[in-house]
Ligand SMILES: C[S@@+](CC[C@H](N)C(=O)[O-])C[C@H]1O[C@@H](n2cnc3c(N)ncnc32)[C@H](O)[C@@H]1O
């Protein structure tokens, strides 16, 4: 499949520069959400909150090599490299534009020796060739921030990644999940159904599962759950920019615009509504590869 045939690649190729210049995390090179969790005092801290969780979990298990699945322009890897001079890592992105931008950023930051980013599909075992060091002193730390939802199925990712990992290697996932608190069918009111549909179509969301469903899939591929954090209460909702986007989307519904930028506004606006309605939650989940003996 060529890049342009892949709707997710097309979406990020078209939108990444705009996300970086207008989004929440431009200076952080982040394409993920700000989280105003405990101890956060500034926007800088909020945008790096998930990066810092990853960094601390890496420290705790003494991992010194990170693998970022769906790495955007490498913002999380650059953060980790800045936090510790002994960390190195690699990333995979489906977007050719992101891979090009990350190459410039790594060069500018003098991090080319420590971080390698490739353009590829994380579901394709060939993307990992020569990326993961064979000799390693500590466990490997794999993470995926806001990229899992784009995959056809999370199960497919576990199937691809599991054979590459050894016992005690870690896998952190931070993403949107379906809320498990709602009884089946309760969220399928026409209004919520429309938000849900716009979120999925707008943001190219395919694999939305509950945290428990994800953990069952992970377990069947040899992963144990060692931590999980519900970060939903710490997300930003109803900021002035969110209200502006809501007004634009309302206007856009009459004008019926097309294109990837419109798609991102539609999806982001609908996600806010899904979170407010309690249908979608944002979780950080940490897994550990089980001893297979
Ligand atoms: C919302 S962005 C998050 C980027 C980055 N993790 C961050 O926090 O800044 C989603 C990322 O997932 C990547 N992605 C989605 N599906 C992918 C796939 N099958 N293989 C590799 N990357 C993928 C996109 O290219 C994009 O970089």
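The table that follows gives values for the structure above.
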read-out: Global geometry of the range 1-150, whether rounded, prolate or oblate, following the gyration tensor of its Cα atoms and the 1.5 cut on a/c; value: oblate
read-out: Angle between the chain longest axis and helix 190-202 axis [Cα atoms, degrees, rounded to 10]; value: 50
read-out: Sorted by Cβ density within 10 Å, fewest first, the residues 152, 260; value: 152, 260
read-out: For the chain, radius of gyration divided by Kirkwood radius, i.e. Rg to Rh on alpha-carbons; value: 0.95
read-out: Value of Rg/Rh across the range 169-284 [Cα atoms, Kirkwood radius]; value: 1.02
read-out: Principal-axis tilt of helix 96-108 within the chain, Cα atoms, nearest 10 degrees; value: 50
read-out: Percent of beta bridges antiparallel (DSSP, the chain, rounded to nearest 5); value: 50
read-out: Radius of gyration and maximum dimension Dmax of the range 95-146, Cα, Å; value: 12.4, 33
read-out: GNM result for the chain, Cα springs below 10 Å: residue of 106, 215, 248 fluctuating most strongly; value: 248
read-out: Rounded FRET efficiency, nearest 0.05, which uses the C-beta distance separating residue 261 from residue 216 and R0 of 41 Å; value: 0.65
read-out: Within a Gaussian network of the chain (alpha carbon springs, distance under 10 Å), most fluctuating of 42, 153, 95; value: 42
read-out: For the range 102-178, alpha-carbon Rg and Dmax in angstrom; value: 13.9, 40
read-out: GNM result for the chain, Cα springs below 10 Å: residue of 201, 253, 243 fluctuating most strongly; value: 253
read-out: Overall form of the range 194-260 per C-alpha gyration tensor (a/c, 1.5; a/b vs b/c); value: oblate
read-out: Considering only the range 33-121, percent of DSSP beta bridges that pair antiparallel, nearest 5; value: 0
read-out: Mean separation of Cα contacts under 8 Å, 6 or more apart, over the residue count of the range 85-161: relative contact order %; value: 31
read-out: Cα long-axis angle, helix 260-276 against the chain (0 to 90 degrees, to the nearest 10); value: 90
read-out: 10 Å binning of all Cα-Cα separations within the range 40-80, expressed as whole percents from 0 upward; value: 28, 55, 18
read-out: Relative contact order computed over the chain (Cα-Cα under 8 Å; 6+ residues apart), in percent; value: 19
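Bear in mind that the values in this text are calculations on the coordinates, not laboratory data. Predicted model only: the values in this text are computed from it and were never measured. Neighbour counts run over all protein chains shown; Cβ positions are idealised from the backbone, glycine included.
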